[in-house]
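Enquirer: I have a structure I would like to understand better, so I am pasting it below and will then ask my questions one at a time.
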């Protein structure tokens, strides 16, 4: 996108930026806000696109991302076994050979939309193996049942607290098939 020069925008000089004396910060702040908002739209749309493509809940994907990276697309986690978790959805580096066969490299995982789609693909694979259960959600992060349960508890807390306009759990949904102790019960896109 190309932006036209505006009288209120700072002039670029070798030493940095200098505002014209008559310039107001209001138009500049409005422009920055608009750019930031527009920049967020493609990633925002990715939640719904990935959810539809892989038949998983966008709210659940969002809760997993909050649990994994606190929504930081540049996050890198180092694991005791020498692997790394990369990007918004913290895709484990053990997936890199598989992803390379699909044209996705490590650097691509720092792109929020790519990370969301890869995370949805991994979750969908877990769902295919384990059913649409909390166990499938736990398998996104952990192999052992104990660690899966702890992870699921964190995801569920984030799922309950999702409160932005695009990822709000519908208020009409008041029941769930999942009980606290049953991590193999079906995941329902509603919460108590």
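Enquirer: At what distance in nm do the modelled label points of residue 45 and residue 74 sit from each other, each positioned 7 Å from its Cα along Cα→Cβ?
Expert: In this crude label model, residue 45 to residue 74 measures out at 2.5 nm.
Enquirer: Next up: Full extension from residue 143 to residue 53: what is 0.36 nm times the residue separation minus their Cα-Cα distance, to one decimal in nm?
Expert: Extra length available between residue 143 and residue 53 comes to 29.8 nm.
Enquirer: Taking neighbour counts of Cβ atoms within 10 Å as a proxy for exposure, in what order, fewest first, do 46, 113 appear?
Expert: 113, 46
Enquirer: Here's something else I'd like to know. Compare the peptides 76-82, 145-151, 65-71 by average per-residue count of other Cβ atoms within 10 angstrom and give them in order, highest first.
Expert: With the highest mean Cβ count within 10 Å placed first, the list reads 65-71, 145-151, 76-82.
Computed from the coordinates by the stated procedures, all read-outs in this text should not be read as laboratory data. For clarity, every value in this text was computed on a predicted model and none was experimentally measured. Positions of Cβ are backbone-derived with ideal geometry, glycine not excepted, and every protein chain shown enters the neighbour counts.
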